[in-house]
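Novice: I have a structure I would like to understand better, so I am pasting it below and will then ask my questions one at a time.
Values in this text are rule-based calculations from the coordinates and carry no lab data. Since this is a predicted model, take the numbers as computed values, not measurements. Here the Cβ is made from the backbone with ideal geometry for all residues, glycine too, and neighbour counts use every protein chain on show.
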């Protein structure tokens with residue numbers, strides 16, 4: 001099955017209004033490579049200002065609350081990010097699972113809320129170094145997927161990002177064979193959970209993706225794109241990843 005490549009950037013807690021100038025180059029690359037979907041998950045304070053940078057660049061959020069509204073100080077709802085111009089949100093990023101102690105059930109509820117509001121979701125799963133060294137990597141990742149997968153999961157609105165926690169921001173990356181094996185395990189688990197629809201769901205790799213290693217990683221089996229951290233902060237570093245995705249056959 002043919003699946004369009006998706007290259008999504010996660011700015012995390014970085015960026016200000018001046019940094020939005022980088023989006024012009026990224027939006028231009030998105031327009032020049034129509035076979036690749038390009039997205040940026042911006043800090044909540046920048047979503048509205050970023051949303052108008054180009055029709056080929058999807059702007060999203062980095063997290064969302066599962067509730068529609070209410071007494072949740074410091075949180076942001078799906079309705080709020082949609083009104084600001086977001087088209088999607090990341091849910092279940094490893095940093096939130098670790099730092100905010102988010103459970104699979106909470107991640108699932110957030111994804112379901114996004115779907116109710118007509119927004120897309122990038123659902124993150126991944127293992128720590130200790131779990132990998134203990135031989136538990138596939139069991140941990142597929143377990144997170146089963147626990148976090150929203151009801152009604154479908155390729156039209158959901159992507160899954162595999163992010164080996166030990167490779168994020170460290171410069172370390174799994175081998176291409178490691179990535180292909182994990183993505184294969186994720187695809188197999190998805191088939192067990194949602195049937196044939198699983199073959200249309202895009203699986204992204206996220207773990208120190210750069211312009212230098214993008215071709216190899218994006219060419220691995222069952223890799224349909226990337227969730228990019230630090231390299232997405234500037235057009236100079238992010239555009240080569242978009243270009244690499246455009247070269248690799250779907």
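Novice: Determine the relative contact order of the chain: mean sequence separation of Cα pairs under 8 Å and six or more apart, normalised by residue count, in whole percent.
Specialist: Worked out over the chain, it gives 23 percent.
Novice: With springs only between Cα atoms under 10 Å apart, run a GNM on the chain and tell me which of 27, 181, 61 wobbles the most.
Specialist: In the Gaussian network model the winner is 181.
Novice: Nearest 0.05, what FRET efficiency do residue 134 and residue 247 give at R0 = 41 Å with Cβ-Cβ as r? Working shown, then result.
Specialist: Working: r = 37 Å, r/R0 = 0.91.
Approximately 0.65, to the nearest 0.05.
Novice: Of 175, 113, how do they rank once you tally other Cβ atoms within 10 Å and put the fewest first? Don't skip to the end; give the middle numbers.
Specialist: Working: 175 11, 113 22.
Ranked by crowding around the Cβ, least crowded first: 175, 113.
Novice: Related question: With an 8 Å Cα cut-off and a minimum separation of 6 or more residues, compute the relative contact order for segment 40-118 in percent. Could you put the intermediate results ahead of the total?
Specialist: Numbers: 107 pairs, mean separation 24.8, N = 79.
31 percent.
Novice: Let me have the 222 nm mean residue ellipticity of the chain computed from DSSP H runs of 4+ only, each contributing -39500 (n - 2.57), with the sum over all residues rounded to the nearest 500.
Specialist: -11000 deg cm²/dmol
Novice: Which part of segment 65-96 falls in the paramagnetic zone of residue 116, meaning amide N under 12 Å from the point 7 Å along Cα-to-beta-carbon?
Specialist: Within reach of a label on residue 116, which here means backbone N under 12 Å from a point 7 Å along Cα→Cβ, segment 65-96 contributes 65-70, 78-79.
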